[in-house]
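Data block below; observations after.
The values are calculated or read from the model by the stated rules, or taken from the named source; none is laboratory data. Predicted model, so just to flag it, every value in this text is computed and none were measured. Don't worry about glycine lacking a Cβ; one is built from the backbone with ideal geometry, like all the others, and counts go over all protein chains shown. Just so you know, the surface numbers come from the protein's heavy atoms only, side chains and all, with ligands and any DNA or RNA stripped out. Shrake-Rupley method; radii C 1.70, N 1.55, O 1.52, S 1.80 Å.
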Amino acid sequence: QVQLVESGGGLVQPGGSLRLSCAASGSIFSIYVMGWYRQDAGKRRELVAAIISGGSTNYADSVKGRFTISRDNAKNTVYLQMSSLKPEDTAVYYCNAKDPRAGLNNWGQGTQVTVSS
């Protein structure tokens, strides 16, 4: 089972940028989908962005045009570049590795992103 560790969260002003990283303990080359989710206090965890093994991406409407997901299979790392951040982007961001073919659905521990002036 692959272990996931997120990093890169922090406090940023509205309009600022952050890049989150998700480092996997093993190869992510064959994992069907890697995703970023977020959860704010009292709210449901929601999908932010996902990237399929072939490179296709999917984004929540609220982040389209502002966030970019990418994966570096050689480094076993998935990134989330976040720009034009808004206070409503404040949440704990979680990395997820999912592959129904292998019964895989693993989560990282999360990293806090706070957008505030």
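Some observations on this one:
- Counting only protein heavy atoms and a 1.4 Å probe, the chain has 52 square angstrom of accessible area per residue.
- With all protein chains in place and a 1.4 Å probe, the accessible surface of region 72-117 carries 47 percent carbon and sulfur.
- Unit charges at the beta carbon, dipole of the chain: most positive-side option, L85, M34, G108: M34
- In region 74-117, the trypsin sites (Lys or Arg not before Pro) that fall in loop regions by DSSP, at most 12 other Cβ within 10 Å: K75
- Trypsin sites (Lys or Arg not before Pro) restricted to region 22-68 and DSSP loop, no more than 14 other C-beta within 10 Å: K43, R44, K64
- The mean of 1/r over all pairs of different alpha-carbon atoms in the chain, once inverted, gives a Kirkwood hydrodynamic radius of 14.1 Å.
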